[in-house]
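Heads up, the thing below is written out as structure tokens.
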Amino acid sequence: QVQLVESGGGLVQAGGSLRLSCAASGTNFVVKAMGWYRQAPGKQREFVARMIIGGSTYYQDSVKGRFTVSRGNAKNTIDLQMNSLKPEDTAVYYCKVDSTATGTSVWSADWGQGTQVTVSS
């Protein structure tokens, strides 16, 4: 099983920046993709950004040009740099990891506990 720990949320004024980090740990797994989702109050969880390990990155249209997803310095970590934040970016941000069990094609998807991002106007 993969455990995820997120960090970096907080309160920021509109136009400001925050950087979220997510670290995956556990045994016998190979990370295939890492990404971020968010859920605002009263809304469904939505996709924000995703990185295919060794491949492409994808973004929700509303964050393109403002958010950047990248590999962290440590193994199995991912960062989300969020610039030009808007009040509508306020949400709980969740890290998601897609992985396979080492030596198999058995996939699993694991979620972090979430970190709150609040953007004031």
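Per residue, region 30-83 exposes an accessible area of 54 Å² to a 1.4 Å probe, with every protein chain left in place. The listed residues 46, 88 rank as 88, 46 when sorted by accessible area, largest first, using a 1.4 Å probe.
If R0 is 25 Å, what FRET efficiency do you get for residue 40 and residue 13 from their C-beta distance, rounded to 0.05? It would help to have the intermediate numbers written out before the result.
Values: r = 18 Å, r/R0 = 0.72.
After rounding, the FRET efficiency stands at 0.90.
Highest GNM mean-square fluctuation, the chain, Cα pairs closer than 10 Å: which of 43, 32, 86? Per the Cα network of the chain with a 10 Å cutoff, 43 tops the list.
Give the residue from 97, 55, 9 lying farthest towards the positive end of the charge dipole for the chain; charges sit on Cβ (+1 for Lys and Arg, -1 for Asp and Glu) and the dipole is referred to the Cα centre. Selected residue: 55. Only Lys, Arg, Asp and Glu carry charge here, each on its Cβ (+1 for the first two, -1 for the last two); on that basis the chain has a dipole of about 140 debye about its Cα centre. For the chain, the share of accessible area belonging to carbon and sulfur comes to 48 percent (1.4 Å probe, ligands and nucleic acids excluded). Computed from backbone phi, the HN-Hα couplings of region 4-21 come to 10, 10, 9, 8, x, x, x, 10, 9, 7, 4, x, x, 10, 9, 10, 9, 10 Hz, rounded to whole numbers (Karplus: 6.51 cos²θ - 1.76 cosθ + 1.60, θ = phi - 60°; Gly and Pro given as x).
Each 10 Å bin from zero holds the following percent of Cα-Cα pairs in region 24-121: 15, 47, 29, 9, 1.
Under the simplified labelling scheme, the residue 58-residue 107 pair shows an inter-label distance of 1.0 nm, with each label point 7 Å from Cα along Cα→Cβ. Spin-label pair residue 71-residue 88: with each label point 7 Å from Cα along the Cα-Cβ axis, the two points sit 3.4 nm from one another.
The values are calculated or read from the model by the stated rules, or taken from the named source; none is laboratory data. All values reported here derive from a predicted model rather than from experimental measurement. Backbone-built Cβ (ideal geometry, glycine too); neighbour counts: all protein chains shown. All accessible areas refer to the heavy atoms of the entire protein, side chains included, with ligands and DNA or RNA removed. Shrake-Rupley method; radii C 1.70, N 1.55, O 1.52, S 1.80 Å.
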